[in-house]
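Engineer: Sharing a structure below in structure tokens format, with a few things to ask.
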Amino acid sequence: MAISMSKKKSKASKKVEQKQYDFADTILFKILYRIPAAILLLILIFLWSSSTTIISGKFVRVCISSRKLNNLYCLSAGAQPNFEIPISAHNNSLISPNISASIRDVVNIVRDDPDSIVSNRVHNNDSGGEVAIAVKAVEAQLQVQRSWISNKNHAESCDGRGIYVYDLPSKFNKDLVGQCGDMIPWTNFCKYFNNEAMGEPITKLGKGWYHTHQYALELIFHTRVLKHPCRVYNENEAKLFYVPFYGGLDILRWHFKNVSNDVKDTLALELVKWLENKKSWLQHSGKDHVFVLGKISWDFRRKSDASWGTRLLELDQMQNSVKLLIERQPWHINDIGIPHPTYFHPHSDDDIITWQLKIIRTNRKSLVSFAGAARPDAPENIRSILINQCNSDERKCRFLTCSSGGCDQPESVIEHFMESEFCLQPPGDSPTRKSLFDSLVSGCIPVLFDPFTAYYQYPWHLPEDHSRYSVFIDQEEVRQMKVNVVERLTKVPARERDDMRRYIVYELLPGLVYGDSNSQLEKFQDAFSMTMKNLLERVNRIE
């Protein structure tokens, strides 16, 4: 295995460093010598149990209370990635001719002249209009993606709509699952991959509830596709090609290992090489192929000067295919956001109806709640402000801290949301949050502070009119202390809250959850069914 090595240093520099090390070692020894061994041991145990030091490239990050990795604050590309423009120029052939000329002009401007607006953060104030152009480009992309939504009958025939699942070499999927025991140094991921990646049942919450890991999407989706009624076993009968590569697991296994970028990219490059030998891939240059990746897009778009993630989605060969992710890159037309896996995996219509009735009748004791943790290493993050505002009015707002293991048990989080009218959903390590979907499934109205958390992410599963299911408060107003969020939410009329909750529970909820692999849903379409229908609608438009 290739390991990153630093260049050799001169002898002179080595001597200087050796003197520094000797001096530091002497002081350290004197300090440690005065500390009784028992106390020193207790200190070391405490530090190990409460923090994790991640060494990656040129930085060291300490992740507080994340040993169990149920709250994977440090397993993302980092806080607030740069929202880089342009839109991918590789695949404008799929942009619908019905989209207005002005929208198409915006897409073309960003595509043809990227250097004029590259590397601007969308959430910053911008008097020059560059952000406005970027936002229009994002909205244009979403209109295109929404134009692929299928309005056809749920029980449509599979004639001419075959789905082919590649039988990839096991190193691209099964072997990665087989590394679950040592993927993360102190956590055994294998328990999360039980029950076809849904995890262990949560009996306290009722039927259909499981301890599902937030990065289990690749396995869950693969299992469902294998049992899709339109699956075909002859490539010539296929309209859509599914590539079951577990790219998210590929990234996770290198997270705590100091390996070179070449090692991290090995499997991605081997996958592309394997596909290029397939006639079905070459036929439409990959346009009729789909990948499901269970981590955020930024994790697969490593830049040359970075050390985190892989370059999978930066490869030229990957531009035409559809990538389904829990968080999309907003300026890539073929990145499509689909819901994070929640803990609820219904088997039947009755499972959904039973849960709907339960949460619509729940007594919501608190007006506002927040489940999360501060980001002390990210001063731009508004979480600390929200926590302070919440704690200052405990009669109306309940705070569930995740920094000390308070969110380790799914039932605690779900019950917390079920007892609240509004759930605060500020950005964390990246704009999106699994917690957004947990709150929606619990009937708690999400309060968003960044449009990239949901509005620019999930065109197939969340409506364009976001006021029907959420409240938006600009994070810049919070950051500048211009608004008290709890007081603002107090002013939302009870009737308006009830209307939003009913829309969430009865209209949105079924399409935000992934049924189990043998689910028998007739009245409802879950997140998987909606996604597959829309994929087939899109692929039917390929010329």
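The values are calculated or read from the model by the stated rules, or taken from the named source; none is laboratory data. These numbers come from a predicted model, not from an experiment. In this analysis, Cβ positions are derived from the backbone assuming ideal geometry, glycine residues included, and neighbour counts consider all displayed protein chains. The protein model used for the area step is the full one, side chains on, heavy atoms only, and it has no ligands, DNA or RNA in it. Shrake-Rupley method; radii C 1.70, N 1.55, O 1.52, S 1.80 Å.
Engineer: Please list, in order along the range 387-395, the HN-Hα scalar couplings obtained from phi with the Karplus expression 6.51 cos²θ - 1.76 cosθ + 1.60 (θ = phi - 60°), rounded to whole Hz, x for Gly and Pro.
Structural biologist: After applying 6.51 cos²θ - 1.76 cosθ + 1.60, I find 4, 5, 5, 5, 5, 7, 9, 5, 5 Hz.
Engineer: How large is the accessible surface per residue of the range 155-313, computed with a 1.4 Å probe and reported in Å² as a whole number?
Structural biologist: Value for the range 155-313: 41 Å² per residue.
Engineer: Ignoring ligands, DNA and RNA, what percent of the 1.4 Å accessible area of the range 149-215 is carbon and sulfur?
Structural biologist: 47 percent
Engineer: Starting at the first residue of the range 240-256, write each ³J(HN,Hα) from the Karplus equation 6.51 cos²θ - 1.76 cosθ + 1.60 with θ = phi - 60°, in whole Hz, x for Gly and Pro.
Structural biologist: 3J(HN,Hα) across the range 240-256, in whole Hz: 10, 10, 9, 9, x, 9, 8, x, x, 5, 4, 5, 4, 5, 9, 4, 9.
Engineer: Order the peptides 179-191, 134-146, 197-209, 438-450 from the highest to the lowest mean number of other Cβ atoms within 10 Å of their residues.
Structural biologist: 438-450, 134-146, 197-209, 179-191
Engineer: Name the long-range amide H neighbours of ILE184: under 5 Å, sequence gap of 5 or more, or other chain; modelled H, no Pro or chain starts.
Structural biologist: Correct list: PHE189.
Engineer: Find which of ASN258, HIS213, LEU240 sits farthest along the positive direction of the dipole of the range 208-270, computed with +1 on the beta-carbon of Lys and Arg, -1 on that of Asp and Glu, about the Cα centre.
Structural biologist: HIS213
Engineer: So who's got an amide H within less than 5 Å of the one on PHE524, skipping anything under 5 residues away but keeping other chains? H placed 1.01 Å off N, in plane.
Structural biologist: Amide H neighbours of PHE524, under 5 Å, 5+ apart: none.
Engineer: Contour minus end-to-end for GLU507 and ASP159, with contour as 0.36 nm per residue of separation and end-to-end as the Cα-Cα distance?
Structural biologist: Extending this stretch completely gives an extra 122.4 nm.
Engineer: By a straight-distance test (C-alpha under 17 Å), which aspartates and glutamates pair with LYS239 as possible cross-link partners, with residues fewer than eight away in the same chain excluded?
Structural biologist: Of all the aspartates and glutamates, those that pass the test against LYS239 - Cα under 17 Å, at least 8 places apart if same chain - are GLU156, ASP159, ASP167, ASP288, GLU537, GLU543.
Engineer: OK, next. Considering only the other residues whose Cβ falls under 15 Å of the Cβ of LYS278, what net charge follows from Lys and Arg at +1 and Asp and Glu at -1?
Structural biologist: My count for the surroundings of LYS278 gives -2.
Engineer: Would you grab the residues whose amide H sits under 5 Å from the one on LYS239? Only those 5+ places off in sequence or on another chain, please, with H modelled 1.01 Å from N.
Structural biologist: Amide H to amide H, under 5 Å and 5 or more residues apart or across chains, LYS239 pairs with GLY162, ILE163, TYR164.
Engineer: Just the number: Rg to Rh for the range 349-512, Cα atoms, Kirkwood Rh, two decimals.
Structural biologist: Here Rg/Rh amounts to 0.94.
Engineer: If you don't mind, there's one more thing I want to ask. Please compare each pair in LYS257/LYS295; LYS264/LYS287; LYS174/LYS303; LYS152/LYS278; LYS174/LYS264; LYS207/LYS358 to a cut-off of 23 Å on the Cα-Cα distance and tell me which ones are over it.
Structural biologist: LYS264/LYS287; LYS174/LYS303; LYS152/LYS278
Engineer: Mind jotting down a quarter of the surface of the convex hull over the alpha carbons of the range 463-543, in square nanometres, one decimal?
Structural biologist: So the Cα hull casts an average projection of 8.9 nm².
Engineer: With a ≥ b ≥ c taken as the square roots of the eigenvalues of the C-alpha gyration tensor of the range 146-285, please select rounded if a/c is under 1.5 and otherwise prolate if a/b is larger than b/c or oblate if it is not?
Structural biologist: oblate
Engineer: Follow-up. Need one word for the range 329-387: rounded, prolate or oblate. Basis is the Cα gyration tensor (sqrt eigenvalues a ≥ b ≥ c); a/c below 1.5 gives rounded, then a/b vs b/c decides.
Structural biologist: Oblate, since a/c reaches 1.5 and b/c is not below a/b.
Engineer: Oh, and also: Read phi for every residue in the range 135-146 and hand back ³J(HN,Hα) as whole Hz from Karplus 6.51 cos²θ - 1.76 cosθ + 1.60, θ = phi - 60°, with x for Gly and Pro.
Structural biologist: 5, 4, 5, 4, 5, 5, 4, 5, 4, 4, 5, 5
Engineer: Beta carbons within 10 angstrom, averaged per residue: use that to sort the peptides 460-468, 291-299, highest first.
Structural biologist: 291-299, 460-468
Engineer: Evaluate the charge dipole of the range 349-512 about its Cα centre and quote only its size in Debye, nearest 20, assuming +1 on the Cβ of each Lys and Arg and -1 on the Cβ of each Asp and Glu.
Structural biologist: Charge dipole of the range 349-512: 520 debye, to the nearest 20.
Engineer: If you don't mind, another one. So, for the range 349-512, what is the accessible surface per residue at a probe of 1.4 Å, expressed in square angstrom?
Structural biologist: Spelled out: the 1.4 Å probe surface of the range 349-512, per residue, equals 38 Å².
Engineer: If you don't mind, there's one more thing I want to ask. Could you let me know the centre-to-centre spacing of the range 448-487 and the range 179-248, using Cα atoms, in angstrom?
Structural biologist: The range 448-487 and the range 179-248 have Cα centres spaced 30 Å from each other.
Engineer: Pop out the carbon and sulfur fraction of the accessible area of the range 349-512 as a percent, whole number, probe 1.4 Å.
Structural biologist: 45 percent
Engineer: Could you compute the FRET efficiency for ASN151 and ASP349, with r as their C-beta to C-beta distance and R0 at 22 Å, rounded to 0.05?
Structural biologist: Working from the Cβ atoms, E equals 0.55.
Engineer: Continuing with this model, one more query. Of LEU440, SER369, SER392, which is farthest along the charge dipole of the range 349-512 in the positive direction, counting Lys and Arg as +1 and Asp and Glu as -1 at C-beta?
Structural biologist: Towards the positive end, the residue furthest out is SER392.
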